[in-house]
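None of the figures in this text is laboratory data; all of them are computed from the coordinates on show. Keep in mind it's a predicted model, so treat the numbers as computed, not measured. Cβ: placed from backbone, ideal geometry, glycine included. Neighbour counts: every protein chain shown.
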Amino acid sequence: MIRRPPRSTLSSSSAASDVYKRQARYDGEQMTVLLNGEEDLAARTRSGEYEPDLETVVHIGTWKRQHKMGKYFKGSLRELRFWRTSLPDARVAEVMDVFPEELDAQDPDLAGYWPMTEGGGRLIQDKTSNETHGYLVCSGPQSGWIHNRNAALELSQTGAYIELPGSANSLSLLHYREFTIEVWVHPYKPDAPVIGKFNTHVKGEYKLYINSECQLCFYREAPPFQLLRSTISIPLHEWTHIAVSYDGAQLCLYIMGQPAGSIVSSQLCAESTVAATEQPVHIGTWHRDGQVGKKFVGMIRELRIWGSCKSELDLQDSMFELDPAAISCRDHLLGYFPLDGGTERYIVDLSSNRNHGMLVGTASWVWIDGAKGGGSGAAIRRSGLEEGADTEQHSHDSVGYTNNK
């Protein structure tokens, strides 16, 4: 930690590749650092007051040196808090392990709070009333967000869903001779839409849902225009992997990787005279007479849409794979929504189509064991690229805050 004038520096060492909670504080006379709540007494340094700088923008993970970006932090960051007061040891220990939803972001002593748990996108939110939001600048295969394998999106009883506004063409399955849709669901009640590109009584293409008898159902607008129902039911209040696949001739349903029903279905492809509808894809609902219809109530995660037919063995091999970095690089991936932590409204598609969505209604990020997580398992990962790359092309990671004066 450095303050001026006079120039005062203090530091405390920590091993690489481990997770540490670090704090720096100033009580008006002395600076000190703490590691995992323990103060390094030997590192105490006296420091005086100085005139505030109201022009320089704050950066996280770097700062400027002679008007250019300097060195960059290499590792992962989360839970940055800036207090207007010197917290006593007891208060430091009290808030050190507090999750975002438990910390009072409106505490008058809290000047800025960036959990960095958005899980995707570029916006880095300041949870305090100051709203000093930032913008993530990053590039490189090892840069960006680390996703949380233990979180899911919970769609509430009052109704919520995800709209993918740019998906009308790229997620139209009319373009593919084969396809697969797979997802983990934890329904709280039956009659639950999972995903649909459909507008009942107007025009539609496909919809996957759980009916009133807890059967898995899939319908596509193709001959013989029959509804495919599963031969077994899906349990409520439990996690279940569900899937539908099409090989160009037959539709098949799968529940926990096991076949659960099939029917013959005609092929519609890009050469067909049938055009894709302008209806976008919705997760957790679909339209009915141009209005949002019934909504899924429960938890959902790991939604994947493929332009290929996944076999029973394929699904059994991949259903428990929860590595977004590996999955997002697979061939024939049309849409991939981990739904494992994010901002309140922004839903990330990790496929190359980038059909990012917006969350509508009341929902929350939760730990899979039921504890509220607020996406708190996510973090920003910063690359190990060497210093000196062209910063104008954003070859490193940093977060810039423009309203911090």
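In nm, to one decimal, how far is the A93 label point from the C329 one, both placed 7 Å along Cα→Cβ?
4.5
Set the bar at 21 Å for Cα to Cα. Now go through K189/K310; K68/K127; K127/K295; K74/K127; K207/K295; K71/K127 and name every pair that lies beyond it.
Numbers: K189/K310 28 Å; K68/K127 29 Å; K127/K295 29 Å; K74/K127 25 Å; K207/K295 13 Å; K71/K127 27 Å.
Distance filter (> 21 Å) returns K189/K310; K68/K127; K127/K295; K74/K127; K71/K127.
What list of ³J(HN,Hα) couplings, whole Hz, do you get for the stretch 180-192 from phi and the Karplus terms 6.51, -1.76, 1.60, once you set θ to phi - 60° and write x for glycine and proline?
Rounded to whole hertz, the list is 8, 10, 9, 6, 9, 10, 9, x, 8, 8, x, 6, 10.
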